[in-house]
1. Which order do 431, 329 fall in if you start with the one that has the fewest other Cβ atoms within 10 Å?
2. Taking Cα centroids, how far is the stretch 154-175 from the stretch 1-21 in Å?
3. Using the alpha-carbon centroid of each, what span in Å lies between the stretch 506-534 and the stretch 324-366?
4. What ranking do 70-76, 465-471 get when scored by the average of other Cβ atoms within 10 Å per residue, highest first?
5. Please rank 202, 425, fewest neighbouring Cβ atoms within 10 Å first, as an exposure proxy.
6. Return the whole-Å distance between the Cα centroid of the stretch 82-97 and the Cα centroid of the stretch 276-305.
7. Starting from the Cα gyration tensor of the stretch 43-179, multiply each eigenvalue by 5, take the square root, and state the resulting semi-axes largest first in whole Å.
8. Would you compute, from DSSP H runs of 4+ residues alone, the mean residue ellipticity of the chain at 222 nm, taking -39500 (n - 2.57) per run and dividing by the full residue count, rounded to the nearest 500?
Ligand code: ADA
């Protein structure tokens, strides 16, 4: 199953499978790597896959080289689609470097010229996160999730037409009766374009070209709105004499006003989880079947919302969210970035590039209703605030139909809150607090802290902005039960999440509740002080890393069932 868009007239093949492999260790920096014939490929490795998630290379840091021969149908111009590699990497075609990236989890499209019937494809990845190493610019040592190395997601090869060809076609909903605007790019301006919806009959489109960019405003025949309850999807196919593109989209609108979020004119409240795209056996190279199971579990929990924390999501995973009717917050990579980083030119350049690319790649997914970036960035000083504004501008330059937000940890001192359509904040009352022996169960702190945040925001003039609790939760060691129901027990976590649901049910000021987190996730033992991450995992999952439910699971399922049924119209 390829992700949309697909190009029916192009020869597209998956390059997934077993590649030759060599681990080179950590003597040489990625910048100096050249693809020499002296590399001894003494192993094999699955693609997609993370070499350091396999028992043989677990914990190893350095350069790893993946190689395969690729047979092609004919010489010519091709596109290599890397759905994600990490943490940094280079690509070589027949020994020549054709691509270099330090943007993990991002989708990359690389054009290449193939002269013969086959070529040697080499992908080198670098998973080192020491300061100064290539990977460190966007993925940094303080991030509270494990940085794996490998080819995270599928690799595809696509032959480009000899003549004119399409790039992408963005579909925007103009009204709830099926009027849409198609904005695309075609390399031979002015050529006649045929258009068809939902595999129907083709007719000639009226395309206004400006250079290679074109706009078509038209009406979807038999339009059906997309919503979580009825995730109706449409396709639009554009074709010329030499090329054809098929994009999938959903007819829906999303707005933020009067302190609420509206989907297709109806107020919605978002309930769900922060989800890392990760599994302990595979790292971020999550098999398709795990995606299906995760989405089944999230449906079973009566969630309607997923925050893709803290990086770009797979296009194929987002296609599933479209099909199953989830609402999604997608964000570009960042985590607690400090003053020393947010003013760095290289970091700024890469943040702008990855954030713009995320919006372009994901722009047709009806499931995505919010864009985010820079999780918990320190935007209390000028440089942090400037970067937040720059990224909000980058998002809006590519998409004005969705909401812009950021999961803030500085709600009282942030300089950027006015930029956002939705104000989101991460808070951990009754968890990141010193346990008081006389009060081992301080759940009363939840109401106190949340009331205080709302009062502060409304006093600061944000009463018209919807509020989303983008992270809240408590840790529980899977299988640890305690009559005292104290910290780290499954009982404490269940009580905590129940208390939070109770508050959310009785406080309509909030438009979203997003628990941290769906499953336990691999991190570093000292991420939050050496006792903060027992097992070197973030243990705040409602399920453990193998998707085994904790006590809190059934509590949340019940609570979300009552909250979710309380949808209201405008
Ligand atoms: C932060 C961060 C999460 C996670 C969480 C925690 O809010 O955004 O990635 O680290 O804290 O578990 O403390």
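1. Values: 431 20, 329 29.
Going from least to most buried by this count: 431, 329.
2. What the calculation gives is 14 Å, centre to centre.
3. Cα centroid of the stretch 506-534 versus Cα centroid of the stretch 324-366: 20 Å apart.
4. Numbers: 70-76: 12.7, 465-471: 25.9.
Packing proxy ranking, top to bottom: 465-471, 70-76.
5. Fewest to most other Cβ atoms nearby, the residues stand as 202, 425.
6. 27 Å
7. Numbers: eigenvalues 172, 110, 33 Å².
Result for the stretch 43-179: semi-axes of 29, 23, 13 Å.
8. Details: 8 runs with 108 residues, N = 570.
Using -39500 (n - 2.57) per qualifying helix, the result is -6000 deg cm²/dmol.
Every number in this text was worked out from the coordinates using simple rules, so none of it is lab data. This is a predicted model, so every value here is computed, not measured. Cβ atoms come from the backbone with ideal geometry, glycine included; neighbour counts cover every protein chain shown.
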